[in-house]
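Reading through the structure tokens given below for one structure.
The values are calculated or read from the model by the stated rules, or taken from the named source; none is laboratory data. Treat the numbers as computed from the prediction; the structure is a model and nothing was measured. Note: ideal-geometry Cβ built from the backbone for every residue, glycine included; neighbour counts use all protein chains shown. Accessible surface is based on the protein model in full, side chains and every heavy atom, while ligands, DNA and RNA are left aside. Shrake-Rupley method; radii C 1.70, N 1.55, O 1.52, S 1.80 Å.
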Amino acid sequence: MKTIEMKSNTDYYPMEATVFQPSHSLRKTSNKAWTILACAGLFYLYEYILRVSPSVMTEGLMLDFGVTSTALGVLVSFYYFSYVILQIPCGVIVDKIGPRLVITFSAVLCVIGSIIFAESTSLFTAQIGRFIIGAGSACAYISYTKIGAEWFHPTKFAMIAGIGQMMGTLGGVFGALPFAILSNFMGWRSAMFAAAMVGIAVALITWLVIRDRPGKSDKPNQFRIDRTDHSGSLLDNLKIVASNPQNWLIGLYGCMMYLPLSAFAELWAVPYLMKLYSINNELASTASIMVFLGVAVGCPLAAWLSNVLKSRLKVMSWAALGTLAIYLIVLYVPNIPIMVMFPLLFLSGVVNAGQILYFAAAKEITPPQASGTTIGFTNCLVMVSGFVFQPLLGRLIDFVWDGQLKPDGTPLYSLDAYQISLTVIPISLLIGWFILKFVKETYPTELN
């Protein structure tokens, strides 16, 4: 093992970092490493389906529970209540005991939450179901990136993070049109129960395949905590991460940049497009698919471009300005044909994907023993966007609602109501771009 001093071009946060030199045994198990990473990505894809599924069930949820957009936004955001709270604890837990047991247990929690949500007869019970799903999902991306940090060379981390985000957004694709068709065919409750059954299979696969780090036992029925691992203590790792102001700025940038996903694609895109074009939820869900597919394509491209330019900040800045320009068109240019709208939303996802570099940026200014804590801390700040803005946009929609009702008694919202509330998105993107003015370049010059 060889140690070097990792420096950004600002020398803001110099630190000692271990450069990973793959051993002969690890080179022989490279296919195994990719298989393990793919299984972790599978769980992230699965939990993302559960995360975005309410976007195609808004009318059914409002009708069954007799709620307006404000209450609907709060219901959906209960996922983020637990997700955000658990990010830092999950980062520490994954650092200490490894991702295998964490992912398996998390998948079981997602199954339990999905069943409770599917069987709920009151809004409170449905909120509990979403809360448990969020708790089960909290460790998904952290565990994935921990596996990437343990099994792969550090120069591959930005690409691995991008591939992981691609897996998650593919979950967003499956949670859109396919889930809309399924819920329309069999009802949203039966669709959620079917999703729970899939979760059981995911839990079994992850337990049988995933290993925490090279050199651990390959027996699938054993799990042990490696007391000789290089993880720091809970408080030490958290202090390292939280004491660096740059980590806060990077996380806040991610929070602002995530709104096109958390507030738009995951919830309000479908009802907005249904109103804009007078279409059903299946066709409108294509809008979410376009955004998620764009992000899926853009994440590896952003990582590649960042490595070519040897800069995280340039790509992150371009992502903010580019996404802002596209959403100004999507929300405010009148009479856009639907066949033009969908490519625009796809392009917005491709450009917005540059945000994913906030994970690499945070990791590159933090010692490797705190990698899980770093991802958890950053993801906590990023996911505040869903926690805050899903209900906030619902409240804004209700605030400008003129009181009209549909024949079934649910609220009839105007196009203006959606457009006024969605103004929050371009504002947040502009704030994200401004935050980057105070963030220092993190690209590690020694790995050029």
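Take the residues in the range 303-331 that are of a type in the set (Gly, Ala, Ser) and out of contact with any Asp or Glu (no Cβ under 9 Å at 6 or more places or on another chain), then tell me which one is most open to solvent (accessible area, probe 1.4 Å).
Restricting to residues being of a type in the set (Gly, Ala, Ser) and out of contact with any Asp or Glu (no Cβ under 9 Å at 6 or more places or on another chain), the top hit is Ala325.
The set of residues in the range 65-98 being among the hydrophobic types (A, V, I, L, M, F, W, C), within 20 Å of Leu396 (Cβ to Cβ) and surrounded by 22 or more Cβ atoms within 10 Å (Cβ to Cβ) consists of Leu72, Leu75, Val76, Phe78. Note on the range 240-331: enclosed helices (runs of 4 or more DSSP H) holding 3 or more residues that are over 30 Å from Met62 (Cα atoms) are 245-257, 281-309. Picking from residues in the range 332-348 that are part of a helix (DSSP H, G or I) and not hydrophobic (A, V, I, L, M, F, W, C), the one that is most open to solvent (accessible area, probe 1.4 Å) is Tyr332.
Looking across the range 396-418, the residues that are part of a helix (DSSP H, G or I), crowded, with 17+ Cβ neighbours inside 10 Å and in contact (Cβ under 8 Å) with a residue 24 or more places away in the chain come down to Leu396, Ile397, Asp398, Tyr418. Scanning the range 349-395 for residues that are open to solvent by 30 Å² or more (accessible area, probe 1.4 Å) and touching a Cys at 6+ places or on another chain (Cβ under 8 Å) yields one hit, Val384.
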